[in-house]
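This report concerns only the one structure given below.
Please treat every number below as a calculation from the coordinates, not as lab data. None of these values were measured; they are calculated from a predicted model. Using ideal geometry, Cβ is built from the backbone for each residue, glycine included, and neighbour counts are taken over all protein chains shown.
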Amino acid sequence: MDTKNFKVNSENSLVEWTGRKVTGAHNGTIEVKEGNFTFENNILSSGKFVINTRSIKILDIDDSETNAQFANHLASDDFFNSDQFPDAVFEIRHAEPGENNFYHVTGNLTIKGITHSLETTLQIVKTNNAAVLDTKIVIDRTKFNIKFRSSNFFSNLGDTLIFNNFDLNVHLVADAINLN
């Protein structure tokens, strides 16, 4: 059996997020802390990546004071409780190969110490020396005890409602590990 391992290069990888509310949306980035992938006979067999919830940046708010207040709110217990839970983790449990380097993936996502299974489609292009993974993961934040201004838990929110789903656009670049 031919096994090939790859280690995520955090410097070249990035997660972009988008959260929506009644009156618009916000977007930004989150740093990738670490990750790895394994291929068995050129087919993705496992993988995992960790993002640093303390590194959330907001890109659509220019005013530095407002930006800092929003970033601190996202780091608070209303959202990610980054002091207590600095890492969010996605671990691939099963990958079903498709055409053009696409895989249908089932994995476990852990945010705020809470783990739920989710399914997504990802594309991973591999050479002998590198692998590049791209996927969009849609997350229902309420499953991870992120209830702030959610219509599932609060009524009469009007235009302050924040939609439950948010998006993570994940771009991971990984280098081959030679285990000689």
Quiz item: Helix-derived [θ] at 222 nm for the chain: sum -39500 (n - 2.57) over DSSP H runs of at least 4, divide by residue count, nearest 500?
Solution: -2000 deg cm²/dmol
Self-check item: Efficiency of FRET between E119 and A68 - r from beta-carbon atoms, R0 35 angstrom, step 0.05
Solution: 0.45
Quiz item: Using the Cα atoms of the stretch 74-136 to build a convex hull, what is its mean projected area in square nanometres?
Solution: 5.4 nm²
Quiz item: What is the Cα radius of gyration of the stretch 1-82 over 2.2 N^0.38 Å, N being its residue count?
Solution: 1.43
Quiz prompt | Share of Cα-Cα pairs in the chain lying beyond 29 Å, as whole percent | solution = 25 percent
Quiz item: Mind checking the dipole of the chain: about its Cα centre, +1 per Lys or Arg Cβ, -1 per Asp or Glu Cβ, Debye to the nearest 20?
Solution: 360 debye
Self-check item: Backbone N within the stretch 39-61 under 15 Å of label point (7 Å from A25 Cα along the Cβ vector)
Solution: 59-61
Quiz item: Nearest 20 debye, what's the magnitude of the dipole of the stretch 61-144 about its Cα centre given +1 on Lys and Arg Cβ and -1 on Asp and Glu Cβ?
Solution: 400 debye
